[in-house]
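Trainee: A single structure is presented below for examination.
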Amino acid sequence: MIGQGTYGSVYRAQSTVSAHICAVKEMKLEDGVDRDKLEKELSFCKSLRHPNIVSHLGHDLSDKVIRIFSELADGGSIASWLDEFGRLDDPLLLPASVGILEGLNYLHTLATPVVHGSIKGTNVLVVSAPFRVMLTDFSPSRCEEARAVQSITTCPSPFWLAPEVITSQEGRGPRADVWSCGCTFIEMATAERPWGNVAFGDMWQAMNYIAHTQATPPVPGHVSVAFQEIIRRCTQRAPTERPSTQELLLQLRPLVAPLPRLPPWEVC
């Protein structure tokens with residue numbers, strides 16, 4: 001086991017035929033689940049191919065359990081990196097931010113746009129050599145075409161959610177993903193959750209504050225002025241004032257310096 005959460009466990013696994021190493025996410029199936037819809041979603045996920053999207057390799061669906069086989073990220077999640085090594089500085093912060101936006105832009109510009117709906121550090125995985133980030137844990141049921149408003153009353157992590165998602169005014173649209181991107185940029189730059197680790201007494205206070213004030217997440221002052229501006233653009237209260245992923249990439253790509261390809265002892 002390499003991870004465990006509310007909805008299941010993740011294992012590191014090996015094929016006994018090809019020796020290929022992959023990740024397996026195992027989840028219990030709820031009674032009454034629409035298996036045809038689930039099969040359709042999983043088949044759709046398998047069709048997605050992008051360097052910044054975790055590749056879906058296949059799945060096994062039984063009566064009570066589903067196992068999803070996917071590309072293995074040797075570095076774990078960005079959240080686990082931050083816990084272990086601390087905040088990311090510009091040499092990693094900027095390419096990680098571009099990688100998140102590249103993956104999200106791919107989803108948003110599909111023929112039927114897909115809204116991720118849960119951008120945060122735990123859903124951004126890391127390949128360490130060469131450094132690359134990949135988005136995981138999204139569902140095609142979050143398609144912009146459907147625009148279904150989802151209940152978040154049991155959401156364990158509202159700190160990354162856009163105000164309109166909490167109030168259910170517009171649901172989980174592409175610009176809500178952009179807000180969550182800005183929050184994830186703050187998370188990577190500070191090694192704390194957006195708004196700060198001690199900003200709220202509990203989840204309900206956080207949800208009320210984010211939804212019903214005009215506040216925006218504090219922007220870290222130690223990052224470059226250009227990156228501060230990108231965070232502020234992402235976290236505009238009005239969804240229509242937030243830029244698209246394509247606009248953000250045009251602004252952010254020129255800031256990224258090539259990562260060194262030397263062995264770590266030569267870099268040091």
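The values are calculated or read from the model by the stated rules, or taken from the named source; none is laboratory data. For clarity, every value in this text was computed on a predicted model and none was experimentally measured. Positions of Cβ are backbone-derived with ideal geometry, glycine not excepted, and every protein chain shown enters the neighbour counts.
Trainee: Residues Glu30, Glu39, Glu26: which one is of a type outside the set (Ser, Thr, Tyr), within 24 Å of Ser157 (Cβ to Cβ) and touching a strand residue (DSSP E or B) at 6+ places or on another chain (Cβ under 9 Å)? Write out each step before concluding.
Mentor: Working: Glu30 fails: touching a strand residue (DSSP E or B) at 6+ places or on another chain (Cβ under 9 Å); Glu39 fails: within 24 Å of Ser157 (Cβ to Cβ).
Sole residue among the options that is of a type outside the set (Ser, Thr, Tyr), within 24 Å of Ser157 (Cβ to Cβ) and touching a strand residue (DSSP E or B) at 6+ places or on another chain (Cβ under 9 Å): Glu26.
Trainee: Do you know which residues across segment 236-257 are out of contact with any Leu (no Cβ under 6 Å at 6 or more places or on another chain), touching a residue at least 12 places away in the same chain (Cβ under 8 Å) and of a type outside the set (Gly, Ala, Ser)?
Mentor: To start, the set of residues in segment 236-257 that are out of contact with any Leu (no Cβ under 6 Å at 6 or more places or on another chain) comprises 236-244, 246-247, 250-254, 257.
When the remaining residues are screened for being touching a residue at least 12 places away in the same chain (Cβ under 8 Å), the result is 236-237, 239-240, 242-244, 246, 251-253, 257.
If the condition is that a residue be out of contact with any Leu (no Cβ under 6 Å at 6 or more places or on another chain), touching a residue at least 12 places away in the same chain (Cβ under 8 Å) and of a type outside the set (Gly, Ala, Ser), then Gln236, Arg237, Pro239, Thr240, Arg242, Pro243, Gln246, Gln251, Leu252, Arg253 are the ones that fit.
Trainee: Being surrounded by fewer than 17 Cβ atoms within 10 Å (Cβ to Cβ) and farther than 14 Å from Cys183 by Cβ is the filter here; which residues of segment 229-243 pass it? Full working, then the answer.
Mentor: Start the filter on segment 229-243 by keeping residues that are surrounded by fewer than 17 Cβ atoms within 10 Å (Cβ to Cβ), which leaves 229, 232-233, 237-238, 240-241, 243.
Across segment 229-243, the qualifying residues are Glu229, Ala238, Thr240, Glu241, Pro243.
Trainee: Residues in segment 134-143: is at least one modelled with pLDDT of 95 or more, β-branched (Val, Ile, Thr) and surrounded by 16 or more Cβ atoms within 10 Å (Cβ to Cβ)? Quick ask: steps written out before the conclusion?
Mentor: First pass over segment 134-143, keeping only residues modelled with pLDDT of 95 or more: 134-135.
This time we only want the ones that are β-branched (Val, Ile, Thr), so: none.
Checking segment 134-143: not a single residue is modelled with pLDDT of 95 or more, β-branched (Val, Ile, Thr) and surrounded by 16 or more Cβ atoms within 10 Å (Cβ to Cβ).
Trainee: Could I ask something else about it? Here's a check for you: in segment 74-93, which residue that is acidic (Asp, Glu) and part of a loop (DSSP other than H, G, I, E, B) is modelled with the lowest pLDDT?
Mentor: Restricting attention to segment 74-93, the residues satisfying the condition of being acidic (Asp, Glu) are 74, 83-84, 89-90.
Add one more test, that the residue is part of a loop (DSSP other than H, G, I, E, B), and what stays is 74, 89.
On the way: Asp74: 90, Asp89: 94.
Once the filter is applied, the top-ranked residue is Asp74.
Trainee: What are the residues in segment 36-57 that are more than 18 Å from the chain's Cα centre (by Cα) and surrounded by fewer than 12 Cβ atoms within 10 Å (Cβ to Cβ), if any?
Mentor: Asp36, Lys37, Ser47
Trainee: Collect the residues in segment 48-71 that are polar (S, T, N, Q) and at pLDDT 90 or above, keeping them in residue-number order. Spell out how you get there, then give the answer.
Mentor: Taking segment 48-71 as the starting set, the residues that turn out to be polar (S, T, N, Q) are 52, 55, 62, 70.
Listed by number, the residues that qualify are Asn52, Ser55, Ser70.
Trainee: Taking segment 121-134 as the region of interest, how many residues are touching a Phe, Trp or Tyr at 6+ places or on another chain (Cβ under 9 Å) and within 22 Å of Gln246 (Cβ to Cβ)?
Mentor: Of the residues in segment 121-134, 1 are touching a Phe, Trp or Tyr at 6+ places or on another chain (Cβ under 9 Å) and within 22 Å of Gln246 (Cβ to Cβ).
Trainee: Taking segment 94-115, which residues are assigned to a helix (DSSP H, G or I), β-branched (Val, Ile, Thr) and more than 10 Å from Leu135 (Cβ to Cβ)? Steps first, please.
Mentor: Here is the first cut: in segment 94-115, the residues assigned to a helix (DSSP H, G or I) are 94-108.
Those still in the list that are β-branched (Val, Ile, Thr) too: 98, 100.
If the condition is that a residue be assigned to a helix (DSSP H, G or I), β-branched (Val, Ile, Thr) and more than 10 Å from Leu135 (Cβ to Cβ), then Val98 is the only one that fits.
Trainee: Related question: Can you name the condition, by its number, that Glu30 falls short on among (1) at negative phi; (2) surrounded by 10 or more Cβ atoms within 10 Å (Cβ to Cβ); (3) not aliphatic (A, V, I, L, M)?
Mentor: Glu30 satisfies all of (1) at negative phi; (2) surrounded by 10 or more Cβ atoms within 10 Å (Cβ to Cβ); (3) not aliphatic (A, V, I, L, M) except (2).
Trainee: Please go through (1) assigned to a strand (DSSP E or B); (2) in contact (Cβ under 8 Å) with a residue 12 or more places away in the chain for Asp60 and return the number of the only condition it doesn't satisfy.
Mentor: Checking Asp60 against (1) assigned to a strand (DSSP E or B); (2) in contact (Cβ under 8 Å) with a residue 12 or more places away in the chain, the one that fails is (2).
Trainee: What are the pairs with Cβ atoms under 7 angstrom where one residue, in segment 153-174, is within 17 Å of Val114 (Cα to Cα) and at pLDDT 90 or above and the other, located anywhere, is of a type in the set (D, E, K, R) and part of a loop (DSSP other than H, G, I, E, B)? Sequence gap at least six, or different chains.
Mentor: So the pair list comes out as Val165/Arg172; Pro174/Glu144.
Trainee: Specify the residue that is farthest from Val219 (Cα to Cα); the eligible residues are those in segment 183-204 that are polar (S, T, N, Q) and buried (at least 17 other Cβ atoms within 10 Å of the Cβ). Before the answer, list the steps.
Mentor: From segment 183-204, those polar (S, T, N, Q) are 184, 190, 197; that's our starting set.
With buried (at least 17 other Cβ atoms within 10 Å of the Cβ) added as a condition, the list becomes 184, 190.
Numbers: Thr184: 11, Thr190: 10 Å.
Checking each candidate, the answer is Thr184.
Trainee: Could I ask something else about it? Out of segment 85-133, which residues are under 17 Å from Pro254 (Cα atoms), surrounded by fewer than 22 Cβ atoms within 10 Å (Cβ to Cβ), more than 15 Å from the chain's Cα centre (by Cα) and aliphatic (A, V, I, L, M)?
Mentor: Result: Leu92, single match.
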